[in-house]
Amino acid sequence: QRPPRHWSHAAGGGAGGLLELGAEDNEIGTDGVRSLANTLAPPAAGGVGTDSGLQVATQFKLRVLDLAGNMVGDNGARHLSDVLRGCTALTQLKLGRNRIGRRGRRALAA
């Protein structure tokens with residue numbers, strides 16, 4: 001499967017912002033994670049953030065992000081790491097079955 005061209009359309013949004021995003025077992029790979037990270041990043045960081053109605057990074061309300069089984073790898077983990085630092089409400093991050101190695105784990109832990 002291919003990643004959605006625009007995550008903002010796939011995820012929706014709403015007045016309260018996105019609280020949970022489940023995209024497990026879609027094999028989106030590094031390109032899909034890069035696209036998702038760009039969507040979640042605020043415009044000041046080069047992302048599209050809330051400009052498209054996906055009120056996540058600027059409101060920091062995302063609580064659950066399930067990307068298990070998506071072939072994320074180390075590069076995808078690095079794309080996610082910067083954005084996740086701003087998601088202070090995140091309580092569950094599911095990244096199992098993604099072949100994330102030492103470099104990716106370090107990026108996520110930083």
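The values are calculated or read from the model by the stated rules, or taken from the named source; none is laboratory data. Predicted model, so just to flag it, every value in this text is computed and none were measured. We place every Cβ from the backbone using ideal geometry, glycine too, and count neighbours over all the protein chains shown. Note: accessible area is taken over every heavy atom of the protein model, side chains too, but ligands, DNA and RNA are not part of it. Shrake-Rupley method; radii C 1.70, N 1.55, O 1.52, S 1.80 Å.
Once the C-beta distance of Asp31 and Arg63 is scaled by a Förster radius of 22 Å, the resulting FRET efficiency is 0.30 to the nearest 0.05.
In the assembled protein chains, Asp82 presents an accessible area of approximately 100 Å² (probe radius 1.4 Å).
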